[in-house]
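Q: Pasting a structure below so you can have a look.
The values are calculated or read from the model by the stated rules, or taken from the named source; none is laboratory data. What you see is a predicted model; the values in this text were computed from it and never measured. Here Cβ is always computed from backbone atoms with ideal geometry, including for glycine, and neighbour counts include all displayed protein chains. When the accessible area is computed, the model is the full protein with side chains, heavy atoms only, and any ligands, DNA or RNA have been set aside. Shrake-Rupley method; radii C 1.70, N 1.55, O 1.52, S 1.80 Å.
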Amino acid sequence: MYLVTGATAHFGRQAVEALLAAGYPVRALTRDPSRAGLPEGVELAQADLTKPETLPAALAGVRGILLVLQYGMDPAPLLAAARESGVGRIVFLSSGAVVDGVEVQPDVIAQYHADVERAVQESGLEWTVLRLLFPAINSLTFAMQLAGGDVIRAPYTKAAFSAIHELDVADVAVATLTGDGHAGQTYSLTGPESLTQADQVQILGQALDRPLTVEDLDPEPVLEQMSAFMDPAFIGALFGLMAATVGKPAEVNDTVERITGHKPRTYAQWATDHAKDF
């Protein structure tokens with residue numbers, strides 16, 4: 001039995017479906033099973049990571065955990081319960097913002113994920129860390145703008161990302177969670193190509209058969225506006241990560257292919273897969 005946390009959100013949901021498709025017994029941890037909407041055959045475990053008393057039942061008989069966390073959530077109760085329940089393995093979906101070999105991380109996003117990585121590594125469980133920076137699903141933020149026209153307005157349109165399809169993340173998660181040879185490894189996951197946000201919009205336009213254009217916004221007013229209703233430190237860190245990629249090609253590696261045996265899906269494939277979402 002494999003347990004997936006964050007099972008009703010992006011990455012968790014795709015991993016649940018991939019485990020099920022591969023024939024593995026999978027249990028999805030959710031606070032509200034009635035709203036999970038997961039495929040038939042998935043076992044639903046009603047539990048809450050902030051309520052330690054709900055965790056032992058969810059962990060009974062579990063061999064491995066895919067840990068997908070909402071930013072800021074404390075993994076300590078789950079890790080303690082997993083150790084007590086005899087769980088053998090944990091795979092943590094982390095952030096590519098983490099910098100190795102430094103005492104203090106450059107921003108709050110990196111610091112949070114580095115702290116969770118450390119907790120996972122010190123948990124006593126066999127561990128693997130998967131890091132990704134800018135997943136292709138970030139493009140879903142364009143959907144609201146596209147409902148009103150064919151222009152995408154955003155800061156840092158020349159920022160370059162090697163956007164990764166969430167199905168590739170799920171495939172890697174399943175391979176590392178169920179297979180051998182990944183213990184103690186930290187893997188950086190990328191898509192197959194470096195693309196700017198402007199490049200992505202053009203590819204998305206082709207998938208939607210719409211003449212999309214981009215308009216680069218001054219980041220400061222956007223940052224100020226978003227900071228009014230979101231954590232300013234988090235948004236500032238996100239903007240800093242984007243600013244650092246302007247004019248610099250994104251890293252592209254072969255990790256997905258080495259671990260899964262297939263080439264990573266392109267952004268064009270992602271755009272086609274998600275055309276209905278726009």
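Q: Pull out all pairs, ordered by first then second residue, where Cβ-Cβ is under 7 Å, the residues are six or more apart or on different chains, the first lies in region 140-162 and is more than 15 Å from Gln202 (Cα to Cα) and touching a residue at least 40 places away in the same chain (Cβ under 8 Å), and the second is part of a strand (DSSP E or B) and among the small types (Gly, Ala, Ser).
A: Sorted first by the residue in region 140-162, then by its partner, the list stays empty.
Q: So which pairs qualify, if the first residue must be in region 17-36 and under 13 Å from Ala173 (Cα atoms) and assigned to a helix (DSSP H, G or I), the second must be open to solvent by less than 50 Å² (accessible area, probe 1.4 Å) and hydroxyl-bearing (Ser, Thr, Tyr), the Cβ gap must be under 8 Å, and the two must be at least 6 apart or on different chains?
A: Leu19/Tyr2; Leu19/Thr178
Q: Answer with yes or no whether Ala175 is surrounded by fewer than 23 Cβ atoms within 10 Å (Cβ to Cβ) and over 28 Å from Ala114 (Cα atoms).
A: When the stated conditions are applied, Ala175 does not pass them.
Q: Going by what's in this entry, would Gly240 be described as within 26 Å of Glu166 (Cα to Cα) and open to solvent by less than 60 Å² (accessible area, probe 1.4 Å)?
A: Yes: the conditions hold for Gly240.
Q: Still on this model: Answer yes if at least one residue in region 13-21 is modelled with pLDDT of 95 or more, more than 30 Å from Met230 (Cβ to Cβ) and open to solvent by less than 10 Å² (accessible area, probe 1.4 Å), and no otherwise.
A: Checked against the condition, which is being modelled with pLDDT of 95 or more, more than 30 Å from Met230 (Cβ to Cβ) and open to solvent by less than 10 Å² (accessible area, probe 1.4 Å), region 13-21 yields at least one hit.
Q: Quick test for you: out of Arg210, Arg265, pick the one residue that is touching a His at 6+ places or on another chain (Cβ under 7 Å), of a type outside the set (Val, Ile, Thr), assigned to a loop (DSSP other than H, G, I, E, B) and surrounded by 12 or more Cβ atoms within 10 Å (Cβ to Cβ).
A: Arg265
Q: Shifting gears a bit: Scan (1) open to solvent by 40 Å² or more (accessible area, probe 1.4 Å); (2) within 27 Å of Leu140 (Cβ to Cβ); (3) not in a strand (DSSP E or B) for the single condition Pro56 breaks and write down its number.
A: Failed condition: (2).
Q: Which residue, of His182, His165, is closer than 17 Å to Ala250 by Cβ and not β-branched (Val, Ile, Thr)?
A: Exactly one residue qualifies, and that residue is His165.
Q: Okay, next question. Run Gly148 past the list (1) in a helix (DSSP H, G or I); (2) out of contact with any helix residue (DSSP H, G or I) (no Cβ under 7 Å at 6 or more places or on another chain) and report the number of the one that doesn't hold.
A: (1)
Q: Filtering region 179-206 down to residues that are small (Gly, Ala, Ser) and touching a helix residue (DSSP H, G or I) at 6+ places or on another chain (Cβ under 7 Å), which residue is farthest from Ala97 (Cα to Cα)?
A: Among them, the one singled out is Gly191.
Q: Cβ-Cβ distance below 6 Å, separation of 6 or more or different chains: which pairs start in region 81-93 with a residue that is under 24 Å from Ala170 (Cα atoms) and end on one that is open to solvent by 20 Å² or more (accessible area, probe 1.4 Å) and in a strand (DSSP E or B)?
A: So the pair list comes out as Gly88/Glu126; Arg89/Glu126; Ile90/Trp127.
Q: Same structure again: Given the conditions (1) part of a helix (DSSP H, G or I); (2) in contact with a Lys or Arg (Cβ under 7 Å, 6 or more places away or on another chain); (3) crowded, with 22+ Cβ neighbours inside 10 Å, and given that Ala160 satisfies all but one, which numbered condition is not satisfied?
A: Result: Ala160 fails condition (1) only.
Q: State the number of residues belonging to region 59-79 that are in contact with a Ser or Thr (Cβ under 8 Å, 6 or more places away or on another chain) and open to solvent by less than 50 Å² (accessible area, probe 1.4 Å).
A: Final tally of qualifying residues: 12.
Q: Right, another one. Scan Ala271, Ala228 and give me the residue that is open to solvent by 60 Å² or more (accessible area, probe 1.4 Å) and small (Gly, Ala, Ser).
A: Step by step, each of Ala271, Ala228 is checked, and only Ala228 is open to solvent by 60 Å² or more (accessible area, probe 1.4 Å) and small (Gly, Ala, Ser).
Q: Scan region 226-262 for residues that are touching an Asp or Glu at 6+ places or on another chain (Cβ under 7 Å) and assigned to a loop (DSSP other than H, G, I, E, B) and jot them down.
A: Selection gives Val252 alone.
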